[in-house]
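Where a number appears in this text, it was derived from the coordinates with a stated rule and is not lab data. Here the structure is a predicted model, which means the values were calculated and not measured. FYI the Cβ positions are ideal-geometry reconstructions off the backbone, even for glycines, and counts take in every protein chain you see.
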Amino acid sequence: MYSCLIVEDDPIFVDQLRAYLAQTTLFESPLVCSTAMDAFMVLTTKNVDLLILDYDLPGMTGLELIQGLTNLPPVIMTTVYSSHAATCYDLDAVVDFLVKPFDYMRFFRGIRRALAALPQLTENKPVEPLPVVDEKKHMFFKSGRKLNRFVLDDILYAEAYGTYIKVYTLTGPVIINQRLKTLENELPGDRFVRIHKSFIINVQHLSHLEAHQVQVSAKKFPIGVTYRPSVLQFMQQAGVLGTSN
C-alpha cells in the first residue's frame, strides 16, 4: 500500500481526505500535519508516496513549502481559490489541483495522476492495481461553517436562493454556500438536469412530465423556455415518458 502525507489546517477537510483515501483501498493511514513547517520536518525525514497539500496554510503557504524542497513526491494541491491553479501547475511536482469542495470522483482522478507519476517499482513494491470506481453516490457541500455529506439519491431538487442554494432532500432543506451554475456542473449529468434558471431536479424523483412543467414528489416546477429543448432531449435520452400539451 502507498503512504501519504496530508497537510491541512481544517479538521473537516482532514476527515474528508482520510475517508476518500480509505475508499480507494490503496493507502495506509495517512500522516497529517496542520502547518507547512511541521510538514517540512516530516518530508525531510520520511519518504512518502503522495503529498496532499493545502495552498492556504497559516504562516508558510503550501506553495512556499514545495518551492523550498527538492525530491518531492507527487503533489495534489487543494484550495478554495481556483485563481491559484496557474501558479501551482508551473511546478513539476504538482500533478493535480483540487478546488474545495470536491467529490470523491474528482479526488480519485487526482489519485490516478499521482500514482501514474510514481516509478513502476519502489523497493520491490509493485504498483497497486487501481480499483474500479462505482458511480458517484454522495458529495460534500459546505453549509455555513460545516461540510455536509449529501447522498445524491436523497436529493429531490435544488433552488437558487440569492447567492446560495437551497437543496431539498428526503429529510428536509439545507442551504449551501454555492451558486446554482456551479452545482449544475458538479452534479452527475445522468440524474440531474437544470429545467429553469432557478431549479435543478433529480429525475429519479420525477413523478410527472409535461411540455411546460414537471412534478417532483408533490411539487410542480415550470420548465424555462430557454431550457425546454435540452430538458425534453434529456428526458428522451433518459427513457422518461411524458405527455405534452
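Structure summary
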read-out	value
Between helix 228-237 and the chain: long-axis angle, C-alpha atoms, 0 to 90°, nearest 10	80
GNM result for the chain, Cα springs below 10 Å: residue of LEU180, LEU152, LEU91 fluctuating most strongly	LEU91
In degrees, nearest ten, helix 104-116 long axis to first principal axis of the chain (Cα)	30
Relative contact order (%) - the chain, alpha-carbon pairs under 8 angstrom, separation at least six	10
Estimated FRET transfer efficiency (ALA19, GLN237; beta-carbon r; R0 35 Å; 0.05)	0.60
Length gained when the stretch GLN204-ARG113 is fully extended (0.36 nm per residue, less Cα-Cα span)	29.5 nm
Segment 12-48-segment 179-237 distance, computed between alpha-carbon centres (Å)	40
Relative contact order %, segment 138-237, counting alpha carbon pairs below 8 Å whose residues are six or more apart	19
Estimated FRET transfer efficiency (ARG145, ALA218; beta-carbon r; R0 25 Å; 0.05)	0.15
Percent of beta bridges antiparallel (DSSP, the chain, rounded to nearest 5)	65
Filter on LYS100/LYS197; LYS142/LYS220; LYS100/LYS146 - keep pairs with C-alpha separation over 19 Å	LYS100/LYS197; LYS142/LYS220
Length-normalised contact order of segment 1-79 in % [C-alpha pairs under 8 Å, at least 6 apart]	35
